[in-house]
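The structure under discussion appears below in the form of structure tokens.
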Amino acid sequence: MSEATGIWQRGGRDVEQLDDTFTPPPLPPAEPTLPPKRARQWLKIALYSTFVFMVLIIGWLVISAPLGRALEPLKDPALLLLSEEGTPIARRGAIKEAPVEIAKLDPLTPAAFIAIEDRRFRSHWGVDPRAIGRAMAANFSAGGVRQGGSTLTQQLAKTSFLSSDRSYKRKAQEVIIAFWVEAWLTKDEILSRYLSSVYFGDGVYGLRAASNHYFDRAPERLSLAQSAMLAGMVQAPSRLAPTRNLAGAQKRSR
């Protein structure tokens, strides 16, 4: 009896009482989880904070970025010098004339700007992810900035409401304003404001001033070739102005 007992014992302890070496050690206690009620409270705080932030952004836009700013005249109007006969002989400063209305233009004129600057203007919401991706790929392949992905709405936001400073902050403001403009204006209203304020070189701002300056005619009477040339100038107005680089302007318009 004592021999049998010794077989089933180890160190004076029964085998049944020894530790099981094949059982994995117990897992550490789990981190205390957030009670469901507290989780809902944090979710409410996050939603309220987002709402307050959006209200502040909209308030800032209403105060600092009025929608009619693109149609305002320049702060420093041009000085026109005349001869004794009343003939203009020189001009100092920039010039910007009355705004244009899309409905009164030849349909080919706004179509030229859309075709060369923002082909999906009629379908996007102010920002075109496809154009941004294409521009990023082209710039990466070229090893520098060669293309931009800005839409016409973003260009309007940049030229009318923001400075020319190239920073991530200004780019973020540009995107916010673009969404805001798209929410409040129709596509034709956006295009009218863009065409009425964009720079065309030679100190000329807006389609009306540009058509009078380069072609001596009203924007409502522009031909297809003239519209294409003006649309092509927007990319680099100082370099492609026909008064300085006629061959480059013609090549771009084609």
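Readers should treat all values here as calculations from the given coordinates under stated rules, not as data from a laboratory. Because the structure is a prediction, the values reported are computed rather than measured. For neighbour counting, all protein chains shown are included, and Cβ atoms are generated from backbone atoms with ideal geometry for every residue, glycine included.
What the table shows:
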read-out: Entries of Lys104/Lys187; Lys44/Lys171; Lys158/Lys187; Lys96/Lys158 with Cα pairs more than 26 Å apart; value: Lys44/Lys171
read-out: Theoretical FRET efficiency, 1/(1+(r/R0)^6), r = Cβ-Cβ of Glu189 and Arg38, R0 41 Å, to 0.05; value: 0.30
read-out: R0 of 35 Å, Cβ-Cβ distance Lys171-Ala111: FRET efficiency to nearest 0.05; value: 0.80
read-out: Counted charge near Val127, where neighbours are those whose Cβ lies closer than 12 Å (Asp, Glu -1; Lys, Arg +1); value: -1
read-out: Computed over segment 96-253, Kirkwood Rh from alpha-carbon pairs, angstrom; value: 16.1
read-out: Footprinting exposure proxy for Ser197, Ser223 (fewest neighbouring C-beta atoms within 10 Å first); value: Ser223, Ser197
read-out: Full-stretch length increase - Ile132, Leu56 - with 0.36 nm per residue and alpha-carbon distance subtracted; value: 24.6 nm
read-out: Label-point separation, Ala94 to Tyr48 (7 Å along Cα→Cβ), nm; value: 4.5
read-out: Near-label residues of segment 205-241 by backbone N, under 19 Å of a point 7 Å along Cα→Cβ of Thr87; value: 213-217
read-out: Neighbourhood net charge (10 Å Cβ-Cβ; Lys/Arg +1, Asp/Glu -1) for Ser211; value: 0
